[in-house]
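Okay, structure first, notes after.
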Amino acid sequence: MDVNEAQLISRCQQGDQEALEEIFNQYHQKLYRIAYGVVRHREEALDIVQEVFIKLFRSIHQFKGKSRFYTYLYRMTMNTAIDHTRKMKKAPSLSMDEEEGFQLSDDADRRPDRILDHKELEARVKWAMDQLSPDQKAALIFREIEGLSYQEIAEATGCSIGTVMSRLHYGRKKVQELLKDYVGRGEVL
Amino acid sequence: MKRECSSISRLLEKYFDQEVTPEERSLVEGHLPDCSACRMALDTMQNLRILIKNPVEEAVEKETFPWVWEKIEKGIQRKERPGLWNFLKSWLDVTPLLKRKILIPAVAAVVIVILITAPLLYKKMSSYPGPSVVEYVESETYNVMVYELETPQVTVIWLFEDPEEESSTS
Amino acid sequence: MRRKTSFFVILILLLSPFFGDVAFAQVQVRVRVMEASNVGSGFDSSLRDLHDQLGSLFSFSSYRLLKDENVSLSSNQPVSLSIPPERSLELTLINQHRVTAEIRVRITRQGRELLTTLVRLAPGRSVSIGGPKRGEGTIITALSRPQ
């Protein structure tokens, strides 16, 4: 953590909202990227980002600097996003194809060779990612979307590097199988 | 698949994630030119990454984050209010009274006051459920967004026009 | 002593709504219509009190006053006035509680209802309704009550 960031965190811990705003300016895009990677829905991702910064302001006094600040933020974002998806799953009106009345075609499975509509493909990717366990999904999102190293993922998810590699391996394997018609066959895995 | 694939395959993901040691990298890169299966596996991983990542990058690129910071400020102020409430609660805490012999007359007095004022309370409080300036908005023509800030005190109702609707009705 | 005080505070709080409702005969509302745009720069002096509010939300460079009118609202008696672009604004006082007035706002065009909203206005508070385009600019109607 550089000196500037340490000062920002310290000011934030003392209730300085301007410091929080500077942190927001630095990180909101990255956190949005993670949130969107989980929920694949603009308004929900924005809600998650808002919730994270509100939570951060209330709980930043608990940050002791034992991990890097951005991994602390990423973990908070991922946990908030996954909690959000759990709550949304409990809402009876929601389904995978609920966004803007978009419906997955019934024959999509039978015709993988046709060119899929952009939104349909996105819906399928979201569905495949939703079949993963929260830990596998988190590892995959941190790696594929945010480009974190194994060490950084381990810090953000509170596990060992070996566990990260295992989650990535099985997560990728499952998603590849679910999307095999669009990514090709990964026989080595 | 070649026999050495079994040993290389364990390294393929690490190689793809650029987490290999220099020795491991040499091993993999020495093997790849002769093994289409491993090359295909890498392509598959790359395709998967594109599928997962590209929609997110597109979404981030076009996102302008309207009013996000303002909503965060408002959320923080809302959550700070409980401090005042806790202070009031400590003053309005009457539980010690329950341990004393004034309980019955006190309860009787409160019940009488409630019976007298409840109909009025219901009528008044139901009209004014909270501090929000805009009670409701209805429009069959526009998409509407309501912005409310506390500092400065601003309330704006914004109507998003549909250009086709405007040209067809003007 | 503190407990007795808090007991009487509860009693007063329970009784206060009974005394809280004061009926005013009329409510004064100021209606200002302005054209906001990024053509030119400047802020009409009559809009000075709204400057901070609008500036915190919008990034227009120019605010030009088109109309400035004071209306008196009586309970359930609508008052209409024309506002650009070719619309009619109808204000009706629905209710009052202490100093806050509940006002129904209707915007129509050629008899067709475009927007209905119910707002609560206290003295010194304003509500702005914006969005309709007029040429290069956007029309914003600000409703406020004098202090």
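Each residue in segment A:29-39 was checked for being surrounded by fewer than 22 Cβ atoms within 10 Å (Cβ to Cβ) and without any contact (Cβ under 8 Å) to a residue 40 or more places away in the chain, and 1 of them qualify.
Quick grid of which residues meet (1) under 30 Å from residue B:54 (Cβ atoms); (2) in contact (Cβ under 8 Å) with a residue 60 or more places away in the chain; (3) exposed (fewer than 15 other Cβ atoms within 10 Å of the Cβ); (4) not hydrophobic (A, V, I, L, M, F, W, C):
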{"residue": "A:8", "(1), (2), (3), (4)": "no, no, no, no"}
{"residue": "A:21", "(1), (2), (3), (4)": "no, no, no, yes"}
{"residue": "A:27", "(1), (2), (3), (4)": "yes, no, no, yes"}
{"residue": "A:59", "(1), (2), (3), (4)": "no, no, yes, yes"}
{"residue": "A:75", "(1), (2), (3), (4)": "yes, yes, no, yes"}
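In segment B:59-74, of all residues being more than 16 Å from residue A:44 (Cα to Cα) and under 15 Å from the mean Cα position of the chain (by Cα), the one that is surrounded by the most Cβ atoms within 10 Å (Cβ to Cβ) corresponds to B:73.
Matching residues to (1) touching a strand residue (DSSP E or B) at 6+ places or on another chain (Cβ under 8 Å); (2) without any contact (Cβ under 8 Å) to a residue 24 or more places away in the chain:
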site	(1), (2)
B:28	no, yes
B:32	no, yes
B:35	no, no
B:44	no, yes
B:49	no, yes
B:55	no, yes
B:67	yes, no
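When C:137, C:55 are checked against the criterion of being of a type in the set (Gly, Ala, Ser) and surrounded by 19 or more Cβ atoms within 10 Å (Cβ to Cβ), a single residue qualifies: C:137.
Would you confirm whether any residue within segment A:85-105 is at negative phi, assigned by TED's automatic domain parsing to the domain that holds residue A:29 and modelled with pLDDT of 85 or more? Checked segment A:85-105: at least one residue is at negative phi, assigned by TED's automatic domain parsing to the domain that holds residue A:29 and modelled with pLDDT of 85 or more. The strands (runs of 3 or more DSSP E) found wholly in segment C:56-147 and carrying at least 1 residues that are touching a residue at least 60 places away in the same chain (Cβ under 8 Å) occupy C:62-74, C:87-97, C:100-109, C:112-121, C:126-134, C:137-144.
Within segment A:40-51, track down each residue that is in contact (Cβ under 8 Å) with a residue 40 or more places away in the chain and crowded, with 20+ Cβ neighbours inside 10 Å. Step through it out loud before you land on a result.
Let us first name the residues in segment A:40-51 that are in contact (Cβ under 8 Å) with a residue 40 or more places away in the chain, namely A:40-41, A:44.
Correct list: A:40, A:41.
Return the total of residues in segment C:86-107 being within 19 Å of residue C:68 (Cα to Cα) and either crowded, with 16+ Cβ neighbours inside 10 Å or out of contact with any Pro (no Cβ under 9 Å at 6 or more places or on another chain) (or both). Show your work before the answer.
First, the residues of segment C:86-107 that are within 19 Å of residue C:68 (Cα to Cα): C:86-92, C:103, C:105-107.
The next check asks that each one be either crowded, with 16+ Cβ neighbours inside 10 Å or out of contact with any Pro (no Cβ under 9 Å at 6 or more places or on another chain) (or both); those that pass are C:86-89, C:91-92, C:103, C:105-107.
Total satisfying the criteria: 10.
Listed by position, the helices (runs of 4 or more DSSP H) contained in segment A:120-189 that have at least 2 residues being crowded, with 20+ Cβ neighbours inside 10 Å and not assigned by TED's automatic domain parsing to the domain that holds residue A:68 are A:134-144, A:150-157, A:161-178. Among the residues of segment C:123-132, the ones that are surrounded by fewer than 13 Cβ atoms within 10 Å (Cβ to Cβ) and over 17 Å from residue C:72 (Cα atoms) come to 0 in all. Comparison of C:117, C:108, C:100, C:92 shows that the only residue that is among the hydroxyl-bearing types (Ser, Thr, Tyr), facing chain B (nearest Cβ under 8 Å) and more than 18 Å from residue C:32 (Cβ to Cβ) is C:100.
Within segment C:101-109, is even one residue within 30 Å of residue B:110 (Cα to Cα) and either modelled with pLDDT under 80 or small (Gly, Ala, Ser) (or both)? For segment C:101-109, residues within 30 Å of residue B:110 (Cα to Cα) and either modelled with pLDDT under 80 or small (Gly, Ala, Ser) (or both): absent. All of C:106, C:125 fail the test of being over 27 Å from residue B:66 (Cβ atoms) and of a type in the set (Lys, Arg), apart from C:106.
Looking at the structure I just gave you, is residue B:36 hydroxyl-bearing (Ser, Thr, Tyr) and farther than 30 Å from residue A:121 by Cα? Against the criterion (hydroxyl-bearing (Ser, Thr, Tyr) and farther than 30 Å from residue A:121 by Cα), residue B:36 does not qualify. Close Cβ contacts (under 8 Å, 6 or more residues apart or on different chains) running from residues in segment A:174-189 that are within 7 Å of chain B (Cβ to nearest Cβ) and at pLDDT 60 or above to residues that are buried (at least 21 other Cβ atoms within 10 Å of the Cβ) and in a loop (DSSP other than H, G, I, E, B) comprise A:176/A:186.
The values are calculated or read from the model by the stated rules, or taken from the named source; none is laboratory data. Keep in mind it's a predicted model, so treat the numbers as computed, not measured. Backbone-built Cβ (ideal geometry, glycine too); neighbour counts: all protein chains shown.
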